[in-house]
Amino acid sequence: MTSENARTELGRLAALLNKANTAYYVSDAPEIPDAEYDALRRRNAEIEARFPELKRKDSPSEQIGARVGDGFAKVEHRVRMLSLGNAFDRDDVAAFDTSIRKYLGLSDEAPLAYTAEPKIDGLSLSLRYENGALVEAATRGDGTVGENVTANARTIDDVPETIRGAPDILEVRGEVYMSHPDFAALNERQEQSGGKRFANPRNAAAGSLRQLDATITKTRPLRFFAYSWGDLSEPLGETQMDALARLSDMGFSTNPLTRLCAGPDEMIAHYAVIEEQRATLGYDIDGVVYKVNDLALQARLGFRSTTPRWAIAHKFPAELAWTRLEAIDIQVGRTGALSPVARLTPVTVGGVVVSNATLHNEDYIAGRDARGQQIRGGKDIRVGDWVQVYRAGDVIPKVADVDLGKRPHDSQPYTFPTLCPECHSDAIREEGDAVRRCSGGMICPAQAVERMKHFVSRAAFDIEGLGAKQVEQFYRDGWIKEPADIFMLRERYGSGMQQLRNREGWGEKSATNLFAAIDDKRNIPLGRLIFALGLRHVGEAASNLLATHYGTWEAFETAITGAADRQGPDWDDLLSIDGVGEVMATSLVTAFAQESERESIDRLVAHLSVGAATRPDTADSPVAGKTVVFTGTLEKMTRAEAKARAEALGAKVSGSVSARTDLLVAGPGAGSKARKAAELGIETLDEDGWLALIGAA
Ligand code: IVH
């Protein structure tokens, strides 16, 4: 890069980052995903490091924003606020119905009704009523902890202060939104008073509700539809429809387009009705939500980690736009994957400005899929092309198509790099893998930083005050090179806290808080620690399974080390965990067998006290910590439901019988597993015996 190019690029980055900062911090309307933002800052910092003399007076690296939300008190939700899985077409809706029937063990003919209602494009709000009076209102936040916006919620006409005929404790959940006419009028007023225009009604609603000064919220015409509930002292009814009717009787607005449907055909038909009315409703909706109507069945179906099994959002089709592909940048992720990112001439797609989109991988750019088959009729994607951008909901936009008629005559096919753009190590593509990966490991700055960002992320160590931006800052200055270094920060740089305090953006208070937040996480639950290691294929759910199975770090570490040669009892035991397959198991043992990786993990664990795995609801569970195997036909519930319930009671469910099995539940037709259990002298129960044991008979 020449110095002239660097100057231009720093100018471009400053403009982009300033715009993104304003959108995020001031307007409550982020325009680019966090990862993109982080990549832009990283690029800016790298160029500044190479050309310090070119650093701008208004350099984005000197700016640290504060989220508006920092000013709100936190509220821990007693019942988590979840999101919804998505369906995009008729087949997805049919699959939703099929999976529910399968889970519940219902035949195709058994009646199973669903509600269908508009999915409001606003922000969710939880309202807590005690003895009929509103006592607290909270935003969703991360689903576990939200912001206390009680004063603001009280200004909303659709939110009653007192209600009659309600259970003593009632948390009503629903969506805050702004109508189209109110949105237009607000933007008009904003314009006249020199304020910011909001990009769309959802951002306007969010920006208005999340005002530290509730008198401002009062001037913003917000509305509220109730569609669900959290904590309750007694049930609201037997069905979703009954419960909605009760909420309506209490004085809440419920959506008039809610219908009861007998199955997928009627759901799709009602979807079409809602879609047709979409343009004239007067408020934004982005799909239709289907929910199992019977609340007893909802309770049986329960939840996956972040979404209910009994509901799904059927999204309206994605929005499209055409624009110019200006450049293809390569980002290096936590596991070394090289991901191509399209830099686009900014274009509005469904009300949101898009300037970046994913190009997936090198095959996708070349016009073929993982099996070498043509996609897009074999058209490749080149810098300078006129491309179609596709956006669906909050998913990252992607480049979907190319207009060959507008291709510049001098354009060249894109050559995917075979060296890592960050550390210049070989980027290798293994047989059968769609992705090319940097082989640099922790010596690659991009991998190191991404791994540490993952390490401090919410589901991992979640260290307050140490987010992606701080990780980058500390890494850049050589303060942290691997996760273990985080726990050495105070020792190394905290003396009198002078060093940290002297840094941009850090004062005495924030430095003290940071060290306290780090100390706070020296005690860490096993599942979080495993997830935080950021090993390939080992996600949050799997980490928790592993934690429940092994119980302690020592047991986990010994077993994974013992399984290094991928055979023998430790390996078999690892594979016996329901939800752990060969790919994940191999990834785990390979990581632990790799010397530098292992040393880095050991250095980290030396600073920690790892909590034994926590098991839900197990205080008086007769099967907590027991390893249970199900075999044969179950008649009162499906295998999936049996497994989920056993796990909820703190049991480990395994697919095979071994000396470590505590209990075999055998239905009719049980074969070799039952024989093996008998040989090993393992306690065996039939289905009724099992139900009696867990108190569900
Ligand atoms: S039900 C446990 N119903 O969509 C499931 N959600 O993408 C609770 N939303 O966080 C959600 N309209 O903010 C439900 N009619 C509706 C909805 C709706 C909008 C939002 C809600 C949720 C998000 C999930």
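Please work out if I428 is within 28 Å of the chain's Cα centre (by Cα), of a type outside the set (D, E) and open to solvent by 60 Å² or more (accessible area, probe 1.4 Å). Here the answer is no, as I428 does not meet what is asked.
Among the residues here, H409 does not qualify as closer than 30 Å to A484 by Cα and either touching a residue at least 24 places away in the same chain (Cβ under 8 Å) or open to solvent by 70 Å² or more (accessible area, probe 1.4 Å) (or both). Regarding segment 182-191, can at least one residue be identified that is open to solvent by 10 Å² or more (accessible area, probe 1.4 Å), in contact with a Leu (Cβ under 9 Å, 6 or more places away or on another chain) and not in a helix (DSSP H, G or I)? No, because not a single residue in segment 182-191 is open to solvent by 10 Å² or more (accessible area, probe 1.4 Å), in contact with a Leu (Cβ under 9 Å, 6 or more places away or on another chain) and not in a helix (DSSP H, G or I).
Filtering segment 276-296 to residues that are of a type outside the set (G, A, S), within 27 Å of the chain's Cα centre (by Cα) and in a strand (DSSP E or B) leaves I285, D286, V288, V289, Y290, K291, V292.
Please determine whether any residue of segment 69-80 is surrounded by 16 or more Cβ atoms within 10 Å (Cβ to Cβ), among the acidic types (D, E), more than 16 Å from the ligand (Cβ to nearest atom) and in contact (Cβ under 8 Å) with a residue 12 or more places away in the chain. No, segment 69-80 contains no residue that is surrounded by 16 or more Cβ atoms within 10 Å (Cβ to Cβ), among the acidic types (D, E), more than 16 Å from the ligand (Cβ to nearest atom) and in contact (Cβ under 8 Å) with a residue 12 or more places away in the chain. Take A137 and decide whether it is in contact (Cβ under 8 Å) with a residue 24 or more places away in the chain and either touching a His at 6+ places or on another chain (Cβ under 7 Å) or open to solvent by less than 50 Å² (accessible area, probe 1.4 Å) (or both). No: the conditions fail for A137.
Taking segment 469-502 as the range and being surrounded by 15 or more Cβ atoms within 10 Å (Cβ to Cβ) and either more than 31 Å from the chain's Cα centre (by Cα) or basic (K, R) (or both) as the test, the residues that pass are K469, R476, K481, R490, Y493, G494, M497, Q499, L500, R501. Looking at segment 568-683, the helices (runs of 4 or more DSSP H) lying wholly inside it that each contain 1 or more residues that are within 20 Å of T558 (Cβ to Cβ) and open to solvent by 30 Å² or more (accessible area, probe 1.4 Å) sit at 569-576, 582-593, 595-605.
Within segment 129-145, can you find the residues that are within 16 Å of the ligand (Cβ to nearest atom) and closer than 27 Å to L257 by Cβ?
Passing the criteria: A137, A138, T139, R140, G143.
Return the residue satisfying two criteria in turn: it lies in segment 1-44 and is at pLDDT 80 or above, of a type in the set (A, V, I, L, M, F, W, C) and open to solvent by less than 30 Å² (accessible area, probe 1.4 Å), and of such residues it is farthest from N203 (Cα to Cα). So, considering only residues that are at pLDDT 80 or above, of a type in the set (A, V, I, L, M, F, W, C) and open to solvent by less than 30 Å² (accessible area, probe 1.4 Å), the one farthest from N203 (Cα to Cα) is A6. Taken together, the residues in segment 664-697 that are within 20 Å of P569 (Cβ to Cβ), in contact (Cβ under 8 Å) with a residue 40 or more places away in the chain and of a type in the set (A, V, I, L, M, F, W, C) amount to 1. Filter segment 606-638 down to the residues that are closer than 15 Å to A651 by Cβ, touching a helix residue (DSSP H, G or I) at 6+ places or on another chain (Cβ under 7 Å) and at pLDDT below 85 and list them by number. Once the filter is applied, which keeps residues that are closer than 15 Å to A651 by Cβ, touching a helix residue (DSSP H, G or I) at 6+ places or on another chain (Cβ under 7 Å) and at pLDDT below 85, segment 606-638 yields A613, R615, P616, D617. Look at segment 330-353: where a residue is under 21 Å from A204 (Cβ atoms) and in a strand (DSSP E or B) and a partner is of a type in the set (G, A, S) and open to solvent by 50 Å² or more (accessible area, probe 1.4 Å), sitting 6+ places away or on another chain with Cβ atoms under 8 Å, you get V352/A199; V353/A199.
The values are calculated or read from the model by the stated rules, or taken from the named source; none is laboratory data. Because the structure is predicted, anything quoted here is derived from the model rather than measured. Methodologically, a virtual Cβ is constructed for each residue, glycine included, from the backbone with ideal geometry; neighbour enumeration extends over all protein chains shown. The protein model used for the area step is the full one, side chains on, heavy atoms only, and it has no ligands, DNA or RNA in it. Shrake-Rupley method; radii C 1.70, N 1.55, O 1.52, S 1.80 Å.
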